[in-house]
1. Top mean-square fluctuation among A:PRO168, A:PRO21, A:PRO342, Gaussian network model of chain A, C-alpha springs under 10 Å?
2. If the viscosity is 0.890 mPa s and the temperature 25 °C, what Stokes-Einstein diffusion coefficient in µm²/s follows for chain B when Rh is the Kirkwood radius over Cα pairs?
3. Ratio of Rg to Rh for chain A, alpha carbon only, Kirkwood?
4. Could you let me know the centre-to-centre spacing of region B:55-88 and region B:116-184, using Cα atoms, in angstrom?
5. Under 12 Å from the Cβ of A:PHE256, count the other residues' Cβ atoms, weight Lys and Arg +1, Asp and Glu -1, and hand me the total.
6. Just report the Cα centroid separation between region A:250-285 and region A:165-218, whole Å.
7. Non-local amide H neighbours of A:ILE83 (under 5 Å, H modeled in plane, Pro and chain starts lacking H): which ones?
8. Working from the pairwise distances between different alpha carbons, so that the mean of 1/r is found and then inverted, what is region A:253-371's Kirkwood radius in Å?
Amino acid sequence: MQFGIFSVGDITPDPTTGRTPTEGERIQAMIAIALKAEEVGLDVFAAGEHHNPPFMTSSPTTMLGYIAAQTERLILSTATTLITTNDPVKIAEDYAMLQHLAGGRVDLMMGRGNTGPVYPWFGKDIRDGIALAVENYALLHRLWRETNVDWEGRFRTPLQSFTSTPRPLDGPPPFVWHGSIRSPEIAEQAAFYGDGFFHNNIFWPMRHTKQMVGIYRERFEFYGHGGADQAIVGLGGQVFMRDNSQDAVREFRPYFDVAPVYGHGPSLEDFTAQTPLTVGSPQQVIERYAAMREHVGDYQRQLFLMDHAGLPLATVLDQIEILGAEVVPVLRKELARDRPAPVPDAPTHAMLKADQTSRQNVFTANGGERP
Amino acid sequence: MTTRSLVIVSAGLSEPSSTRRLADRLTAATTAALRDLDGRVTTEVIELRAHAHDLTDHLLTGFAGESLQQAKDAIAAADGVIAVTPIFSASYSGLFKTFFDVLDDGAIEGTPVLMGATAGTARHSLALEHALRPLFSYLKAVVAPSAVFAASEDWGADGLGARIDRAGRGFAALVAAHEPTHAADPFADPTPFAQLLRSG
């Protein structure tokens, strides 16, 4: 089971002081958050991708490469990589390069993006969102596995004898998750390839998450990648903790009340009841997140959104400390308990490399016949 | 005997409201006519006032709270919808529109709808035709030709009862003839990936 942090990279004023961090401060803050994640023993740091203010995460591989150079264990990921508006050729190149530089500590989460104008800004049409995600990923998937690719599609210039460089480190491409909140087509896509499926449920009720994960698991089995319980599932989460739960509520409420996305809407109490947001003691967070698998089955990756709504960096780092010291070690134990044997871990580079080697050995043993 | 489910949406704000009163009269007329035609009727009233906060939250968060979700499920499963709103500023009320704004795509596609509206003066009566009817046409509902408008003065005059009965009978015939067609459930029946690839 992997635990980590994902950050949208929004620049939001701190509502308690009215102060807005500069882009430079926010970029450095995100680096500090990633380094803290490794320091406290978390497994993953994932950066969002946006191409409009108030966000600053337009160039994820630059940022993740910088973090890779300063970390040793942390898996660097995205939340999400825009498979619709980025050129799949450039994604293949950028992330293979990052994979080399990070020694394999890289995976990606594909997403369509939720900002309408980004499509026309990048020469695309939002009405083609699903079709773009399907076609672009089909190309990306080939570019990482084949050389001299001939390809023709609807959305980009055809390719003749194109080889994307660098080739994936040691052979296996970065593992891919597909993120979608509402589109069963994307769960279907993840299932078809045997890739991971991430439901970013932080603003959604569990009944919806359960439905999306359910369809992915069912189709994963349908496409022959293993049992439904062997599908690779990730969930989002959102927490704010203090030793005394009342202190957590008191400190977080001014941020909650005016936060982007849900601010000025439901009360903190209603929203915490309806979504995974948990504001309280570390023990309350443990109980809430230890129970997630009762709804979606045993899963592989839990990411937390910690640095939004204008929370100051010092508070965010403090929260990640609590997460790493008091919450995640207990959750690791809780979720390992009664975990059925067939439930796999989230694929890492080492696992994919070993898997490839064992398949190669079977290939050689069969005298060159593919098993 | 066939059992038909009617869902009644009332956007009246006061309690009791003349909007709810009109909705109840339309329901009674429809129910009586349906029983004369072919069968049993169940009715469920959605008072939008009770969902006002949930509707605003839905606009802001993108998902429905538990009781609003039940209302959305009920209307999507209905064999017929009676929708009644007060007329504010020459159109349906904002609360009424918000409810129809948050329905899922196709929720009332093909569903027979009987429209009703109330206002302080008869000069608003055509709002039914220039505001409500296009809304339901856009949602691809089957809108009954006769709608009922009740101004304050109508409640003390002859004629309203007869108009309600006529609208109820016409609507009942639509509901009775209606073959339930519910929107395909993408979760129960996902588009196979090969088809997604081809449609690219």
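What follows is calculated from the coordinates using simple rules that are stated; it is not laboratory data. Not measured: the values here are computed from a predicted model. Backbone-built Cβ (ideal geometry, glycine too); neighbour counts: all protein chains shown.
1. Of the options given, A:PRO342 has the highest mean-square fluctuation.
2. This corresponds to a translational diffusion coefficient of 140 µm²/s.
3. Numbers: Rg = 20.4 Å, Rh = 21.3 Å.
That ratio is 0.96, to two decimals.
4. 19 Å
5. Working: positive: A:ARG250, A:ARG253; negative: A:GLU251, A:ASP257, A:GLU269, A:ASP270.
Summing Lys and Arg as +1 and Asp and Glu as -1 gives -2.
6. 26 Å
7. Amide H neighbours of A:ILE83, under 5 Å, 5+ apart: A:GLY111.
8. Numbers: mean 1/r = 0.0562 Å⁻¹.
Mean inverse Cα-Cα distance, inverted, gives 17.8 Å.
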